[in-house]
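The values are calculated or read from the model by the stated rules, or taken from the named source; none is laboratory data. Here the structure is a predicted model, which means the values were calculated and not measured. Every residue, glycine among them, receives a Cβ derived from its backbone with ideal geometry; neighbour counts consider all protein chains shown.
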DNA sequence: TCGGCAAGCCAC
DNA sequence: AAACGTGGCTTGCCGA
């Protein structure tokens with residue numbers, strides 16, 4: 001499925017490539033200086049030999065194939081202990097990633113005829129019903145770091161137009177609250193509360209007012225973990241805490257929200273009985289691994305059984321919204337064009353004067369997209385904004 | 001030179 | 001001993 005393509009600012013991408021190249025050169029110098037030797041900063045093998053062989057630093061993890069792990073978590077730990085080399089490697093990697101995967105590649109992807117970047121959306125590539133995007137993938141454009149967000153600023157509207165981005169707020173947690181029937185979570189969503197702060201308040205018995213940001217952050221990690229079929233190991237890894245501590249958190253969460261534990265057990269049972277699970281809309285996700293003789297395979301399938309109905313229902317809902325958007329825009333007399341889908345977000349290009357109407361319309365269509373097939377017991381909220389660039393529309 | 005795997009990392 | 005879900009892209013590396 002190919003939509004209209006999206007315009008990118010070539011000059012902006014070129015400027016970014018230059019900036020990133022400069023930063024990489026600086027980091028490379030710093031890395032060679034700290035290592036006392038020249039090496040390829042793009043080679044994890046060479047990095048492992050230098051850090052854990054030559055320099056004799058305490059190496060933690062090994063990769064699947066037995067080599068020293070040099071991933072960001074490992075390098076962060078060494079950098080925090082005051083070592084210069086891992087810090088230089090982390091920043092080198094950040095800029096190398098941004099340059100090769102984004103600023104350079106997006107420039108190359110501009111179609112000479114349309115002057116725009118045309119991704120390819122696959123409608124049947126994922127097990128859960130999500131779309132996928134390739135050549136180039138426009139569903140993983142950076143947003144989490146300041147430098148990365150500059151890539152998003154290169155996605156622009158035609159003159160006289162703006163970009164509108166409309167995204168579902170916490171759609172997966174809302175669907176979990178509905179599916180698992182967790183009244184406390186549903187009430188919080190109906191009241192428009194900060195769901196992570198509410199979770200923290202319930203779990204740790206602290207007031208929401210004046211809450212320590214770290215406490216809220218922990219609760220947020222737990223909420224995400226729940227959606228993924230949490231394990232004490234995974235949560236401990238994510239939060240940098242001990243497994244015992246993680247286990248305590250999880251137990252406390254299940255005690256406060258017993259409906260979640262019931263939901264998880266029900267999905268595991270359903271998967272074992274039928275070798276598939278279903279979304280609210282009847283999409284089936286087959287899980288042959290649930291009957292594998294290898295316990296690790298079975299446990300993986302159990303986490304999929306927990307996650308797939310949630311992720312899949314969200315995918316079903318945004319598909320329903322997309323299917324309705326063109327007719328809705330035509331009926332409203334809007335000449336807006338739907339450009340991209342990023343799992344819980346739709347991106348449009350629209351004449352500037354139409355932006356307020358499109359924001360209202362997308363919000364209405366998206367928030368009502370489960371109906372009439374499914375009557376949700378929680379509201380679906382949509383944040384929609386206009387901006388000159390995709391970055392500014394966020 | 002090409003294809004495939006491993007490692008790593010970007011997004012939701 | 002394992003190792004939270006769904007994807008795609010790039011580089012390094014190795015063998016055909």
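Just for helices (runs of 4 or more DSSP H) wholly inside region A:65-165: which have at least 3 residues that are touching a residue at least 60 places away in the same chain (Cβ under 8 Å) and more than 19 Å from the chain's Cα centre (by Cα)?
Working: elements: A:72-80, A:84-97, A:104-108, A:146-152.
Qualifying helices (runs of 4 or more DSSP H): A:84-97, A:104-108.
Go through (1) within 13 Å of DNA strand C (Cβ to nearest atom); (2) at pLDDT 95 or above; (3) over 27 Å from residue A:166 (Cα atoms) one by one and return the number of the condition residue A:314 breaks.
(3)
Show the residue pairs that are 6+ apart or on different chains and have beta-carbon atoms under 7 Å apart, the first residue being within region A:44-62 and more than 14 Å from residue A:77 (Cβ to Cβ) and modelled with pLDDT under 85, the second being within 14 Å of DNA strand C (Cβ to nearest atom) and not in a helix (DSSP H, G or I).
Close Cβ pairs (under 7 Å, with a partner that is within 14 Å of DNA strand C (Cβ to nearest atom) and not in a helix (DSSP H, G or I)) do not exist here.
Given the structure, is residue A:152 under 30 Å from residue A:306 (Cα atoms), touching a strand residue (DSSP E or B) at 6+ places or on another chain (Cβ under 9 Å) and surrounded by 14 or more Cβ atoms within 10 Å (Cβ to Cβ)?
When the stated conditions are applied, residue A:152 does not pass them.
Looking at region A:181-194, can you tell me whether even one residue there is closer than 30 Å to residue A:267 by Cα and within 11 Å of DNA strand B (Cβ to nearest atom)?
Let us first name the residues in region A:181-194 that are closer than 30 Å to residue A:267 by Cα, namely A:181-194.
Checking which are within 11 Å of DNA strand B (Cβ to nearest atom) leaves us with none.
No, every residue in region A:181-194 fails to be closer than 30 Å to residue A:267 by Cα and within 11 Å of DNA strand B (Cβ to nearest atom).
Just one of the numbered conditions (1) assigned to a helix (DSSP H, G or I); (2) out of contact with any helix residue (DSSP H, G or I) (no Cβ under 8 Å at 6 or more places or on another chain) is not true of residue A:27; which one?
Unmet for residue A:27, out of (1) assigned to a helix (DSSP H, G or I); (2) out of contact with any helix residue (DSSP H, G or I) (no Cβ under 8 Å at 6 or more places or on another chain): (2).
Let me spell it out: the conditions are (1) more than 9 Å from DNA strand C (Cβ to nearest atom); (2) buried (at least 17 other Cβ atoms within 10 Å of the Cβ); (3) within 27 Å of residue A:193 (Cα to Cα), and residue A:235 meets all of them except one. Which number is the exception?
(1)
Which is surrounded by 15 or more Cβ atoms within 10 Å (Cβ to Cβ) and touching a residue at least 40 places away in the same chain (Cβ under 8 Å), of A:321, A:301?
Values: A:301 fails: touching a residue at least 40 places away in the same chain (Cβ under 8 Å).
The conditions single out A:321.
Got a sec? Which of A:372, A:356 is part of a helix (DSSP H, G or I) and either more than 16 Å from DNA strand B (Cβ to nearest atom) or in contact with a helix residue (DSSP H, G or I) (Cβ under 6 Å, 6 or more places away or on another chain) (or both)? Outline the logic, then answer.
Details: A:372 fails: part of a helix (DSSP H, G or I).
Step by step, each of A:372, A:356 is checked, and only A:356 is part of a helix (DSSP H, G or I) and either more than 16 Å from DNA strand B (Cβ to nearest atom) or in contact with a helix residue (DSSP H, G or I) (Cβ under 6 Å, 6 or more places away or on another chain) (or both).
When only residues in region A:325-353 that are assigned to a helix (DSSP H, G or I) and surrounded by 15 or more Cβ atoms within 10 Å (Cβ to Cβ) count, which is nearest to DNA strand B (Cβ to nearest atom)?
The initial filter retains those residues of region A:325-353 that are assigned to a helix (DSSP H, G or I), namely A:325-331, A:352-353.
After this cut, where a residue has to be surrounded by 15 or more Cβ atoms within 10 Å (Cβ to Cβ) as well, the list is A:325, A:328-329.
Working: A:325: 17, A:328: 22, A:329: 22 Å.
Here the residue is A:325.
Within region A:59-83, how many residues turn out to be more than 30 Å from residue A:152 (Cα to Cα) and either within 16 Å of DNA strand C (Cβ to nearest atom) or surrounded by fewer than 20 Cβ atoms within 10 Å (Cβ to Cβ) (or both)?
14
Taking region A:246-275 as the region of interest, how many residues are without any contact (Cβ under 8 Å) to a residue 12 or more places away in the chain and surrounded by 15 or more Cβ atoms within 10 Å (Cβ to Cβ)? First the steps, then the outcome.
Going through region A:246-275, the residues without any contact (Cβ under 8 Å) to a residue 12 or more places away in the chain turn out to be A:248, A:251, A:254-255, A:258, A:261, A:265-266, A:269, A:273-274.
Okay, now just the ones that are also surrounded by 15 or more Cβ atoms within 10 Å (Cβ to Cβ), so A:254, A:261, A:266.
So the answer is 3.
Looking at region A:48-64 only, could you name the residues that are within 12 Å of DNA strand B (Cβ to nearest atom), closer than 22 Å to residue A:33 by Cα and part of a loop (DSSP other than H, G, I, E, B)?
Once the filter is applied, which keeps residues that are within 12 Å of DNA strand B (Cβ to nearest atom), closer than 22 Å to residue A:33 by Cα and part of a loop (DSSP other than H, G, I, E, B), region A:48-64 yields only A:59.
Restricting attention to region A:166-188, which residues are farther than 18 Å from residue A:311 by Cβ and either part of a helix (DSSP H, G or I) or within 16 Å of DNA strand C (Cβ to nearest atom) (or both)? Steps first, answer last, please.
Looking only at region A:166-188, we keep the residues that are farther than 18 Å from residue A:311 by Cβ, and these are A:166, A:181, A:183-184, A:186-188.
Those that are farther than 18 Å from residue A:311 by Cβ and either part of a helix (DSSP H, G or I) or within 16 Å of DNA strand C (Cβ to nearest atom) (or both): A:183, A:184, A:186, A:187, A:188.
Any idea how many residues of region A:163-197 are out of contact with any helix residue (DSSP H, G or I) (no Cβ under 7 Å at 6 or more places or on another chain) and crowded, with 23+ Cβ neighbours inside 10 Å?
Count: 2.
For region A:86-101, check the following and say yes or no: at least one residue is buried (at least 20 other Cβ atoms within 10 Å of the Cβ), away from DNA strand B (no atom under 13 Å from the Cβ) and over 30 Å from residue A:388 (Cβ atoms).
No; the residues of region A:86-101 include none that is buried (at least 20 other Cβ atoms within 10 Å of the Cβ), away from DNA strand B (no atom under 13 Å from the Cβ) and over 30 Å from residue A:388 (Cβ atoms).
Could you say whether any residue in region A:50-58 is within 30 Å of the chain's Cα centre (by Cα) and either farther than 20 Å from residue A:106 by Cβ or surrounded by fewer than 16 Cβ atoms within 10 Å (Cβ to Cβ) (or both)? Spell out how you get there, then give the answer.
Restricting attention to region A:50-58, the residues satisfying the condition of being within 30 Å of the chain's Cα centre (by Cα) are none.
The answer is no, given that none of the residues of region A:50-58 is within 30 Å of the chain's Cα centre (by Cα) and either farther than 20 Å from residue A:106 by Cβ or surrounded by fewer than 16 Cβ atoms within 10 Å (Cβ to Cβ) (or both).
Can you tell me which residue within region A:281-300, out of those that are part of a loop (DSSP other than H, G, I, E, B) and either over 16 Å from residue A:315 (Cα atoms) or in contact with a strand residue (DSSP E or B) (Cβ under 7 Å, 6 or more places away or on another chain) (or both), is farthest from DNA strand B (Cβ to nearest atom)? Let's see the steps before the verdict.
Quick first cut of region A:281-300, residues part of a loop (DSSP other than H, G, I, E, B) only: A:281-283, A:287, A:292-294.
Next, from what is left, pick out any that are either over 16 Å from residue A:315 (Cα atoms) or in contact with a strand residue (DSSP E or B) (Cβ under 7 Å, 6 or more places away or on another chain) (or both): A:287, A:292-294.
Working: A:287: 19, A:292: 19, A:293: 21, A:294: 17 Å.
Filtering region A:281-300 for residues that are part of a loop (DSSP other than H, G, I, E, B) and either over 16 Å from residue A:315 (Cα atoms) or in contact with a strand residue (DSSP E or B) (Cβ under 7 Å, 6 or more places away or on another chain) (or both), the one farthest from DNA strand B (Cβ to nearest atom) comes out as A:293.
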